1. Taking only the alpha carbons of region 288-337, what extent do you get along each of the three principal axes, in Å, biggest first?
2. Assuming R0 = 60 Å, what is the FRET efficiency of residue 7 and residue 331, from their Cβ-Cβ distance, to the nearest 0.05?
3. How many angstrom lie between the C-alpha centres of region 243-282 and region 326-405?
4. Provide the percentage of antiparallel DSSP beta bridges, counting only those with both residues in region 153-256; round to the nearest 5.
5. Which loop-located trypsin sites (Lys or Arg not before Pro) does region 190-275 contain, where loop means any DSSP state but H, G, I, E or B and the Cβ has at most 15 other Cβ atoms within 10 Å?
6. So how do 83-91, 294-302 stack up, highest first, on mean other-Cβ count within 10 Å?
7. Plugging the Kirkwood radius over Cα pairs into Stokes-Einstein for region 272-402, at a temperature of 37 °C and a viscosity of 0.692 mPa s, what D comes out in µm²/s?
8. On a 24 Å Cα-Cα criterion, which of the cross-link pairs 286/307; 286/321; 209/296 come out too long?
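Values quoted throughout were computed directly from the atomic coordinates according to the rules given, and no laboratory measurement underlies them. On a predicted model such as this, the values are computed, not experimentally measured, just so you know. When we count neighbours, we look across all protein chains shown, and the Cβ atoms used for this are built from the backbone with ideal geometry, even at glycine.
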Amino acid sequence: MASIASSLGDEKEKSLQSLFSQPVRFHLLYKSSHHGAQLSTLLSSFDTSGKFVLVVFLQTGEVRGGFTSRSLKVGRKFDDEEAFVFEVNRRSKRFPALRSAKAVEVHFTDSGQAIGFGQQAGYKGSVFGQPLSSTSSPVAVSFGKLALRWMLVCFRLDVGDLLPSPWREVSWTDWTRQSLRQNFASYKLVLETLPRVRALLLGPVGSGKSSLVNSIRSTIYRHWNFLSLLFSVTQLKSYDIRAEKGGSPSALSLCDVMAIGDEDFAGLSYSDTLDIIKGHVPEGYKFQSDFPINDKINGYRAAPTLKDQIHCVLFVLDAAKVTSYSSSLRTSLRRLHTTVSDLGIPQLILLTHVDQVCCAVKESMMSVYSSRVVQEKAAQLVGLPLSYVLPVKNYISQLSVDLNTDILLLNVVNSILQAVDDTLEDEYPGVITGPLPKEQLLTHRTEFPTL
Ligand SMILES: Nc1nc2c(ncn2[C@@H]2O[C@H](COP(=O)(O)OP(=O)(O)OP(=O)(O)O)[C@@H](O)[C@H]2O)c(=O)[nH]1
Ligand SMILES: [Mg+2]
C-alpha cells in the first residue's frame, strides 16, 4: 500500500491536516486509479473502526472531499456529528453537514453507487457542480462518473498519532537485539547465593500473562513457541527461561498465576497473592477462591528462604482495556502495588496489546515509543512514572519472530534482572560478590515508584 503514492502532495497534505484540531496522519487505504472505481472495492478497504477521509480530485484541478468518524457500509445512513465536507486549496476550508442525522450516506443499488456527505447526500447526481459555501454542503461521489472523470482516494486518519520525539530512545537494529540477547544469556546476578530471579506475573483476566511467557520463550528460542499456556491458569506455575533452546536455565524464571479478581470474577485474592510473594506457596498449588491459603495446605513453606520468594512483580495490563478497568480492579492493583513497595520488591508494568490501540504501532512496533496513544495509556496506569512502563506486543499467531517485537521483549527480561540486582545491592551491601552486570541498553530506572 505504501508504494502507491497518495497523489495529495506535501502542500495539499499539510493544508488538509490543518483542518483538524489535533495532529493527524493519513494512511492510504484506496486509490481508484489503482484499485478500480467500484464502490464495493472502496468499502472493502475500510477498517472496521476508525476515522476516514475521502478525497476527490476533479478535472478542474480542485480537490474536495469528506471526513467521517465512522467506517462506511453499504446501505448505511448514519448520524455523524464530526462529519464534514472540505475543499483543499492553499488554505483549506471545512463545511459541517447541514443535518448531522444524515451526515453520511452510502448507496449501492442497481440504479447507482454513491457516497454522500451533507443534507441531501445521495446518488441522484449532486456531485461537485457548485462551489462550496458555508450554507450548502452536499457532496456526493457517484461511482459511475468517477471511473471516467475523477480520481478518488481514501485515507484512514490516525489522530494525534505520533509524538514529535519518542519517550524512550531505541536503536531498532539487529545489533541491539543481539546485545540484549547476549546480555540476558550471560547475566550473573550480583548475589551469588541467589541462583534465579522469580518474577511473578500479576494482572486481570486476559491481559496477556501467559502469552508473555510464550512470547519471551519465542524470542529467546528464535521461533514461535507452542505452549499450551493459553488456558486460564489456576495453579502456581513457574517457567524457567533458558538462555537458548535446550540450553542451561538463565537467571530468570517467570511465575504465571490465575488473574486478579474484580466484581465479576473471584480470581486470585490479595492474601493468596501475598503468600506467593513471600514464598509460602508450593509450586503447582491450585488456588481456590473460597479457600484461602493457610499453613495447613500441602507443601506450605512456613519459613521460606530468599530463593523461594518472589523477587520482582510484573503487573501485566492490557493497553486496550486499561482505561475501562473497574474501580475495584484499580483498587486491587493499587493496594498490591503499595504492599509490594513496602516489601521492598521491585515492580514493573508490562503494557500488552499495544498493537490494538494505535494504527502506527500495529504497522510497526518501531513507533511504540512515539505513539501518543500508547504514552497516554501508559501514563494512566495507576500513576506510575513512564520509566516503569514497558510496552510489549505478544506473539499470538506469528510463526516467526520479528526484530522490533524481539527487542521489546528482550528489554523486559533484562529490565527485570536489572531491577532485582539494583534492589539486592541495596539490601545486601556486604555480601555482593558477583560481577556487576553490563549497563542495560533500554533501561532508565532510578527509583521504585509510589502510587
Ligand atoms: N493483539 C494482541 N493480543 C494479545 C496480546 N497479548 C495477548 N493477546 C491475546 O489476548 C488473549 C488473552 O491472552 P492470555 O495470555 O491468555 O492472557 P492471560 O493474562 O494469561 O489470561 P488469564 O490466564 O485468563 O488471566 C489471547 O487471545 C491472546 O492471544 C498482545 O500483545 N496483542
Ligand atoms: Mg493465563
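1. 39, 27, 16
2. 0.70
3. Here the answer is 18 Å between Cα centres.
4. Around 50 percent antiparallel, to the nearest 5.
5. Passing sites in region 190-275 are 222, 245.
6. Final packing ranking: 83-91, 294-302.
7. Stokes-Einstein gives a translational diffusion coefficient of 194 µm²/s.
8. Distance filter (> 24 Å) returns 286/321; 209/296.
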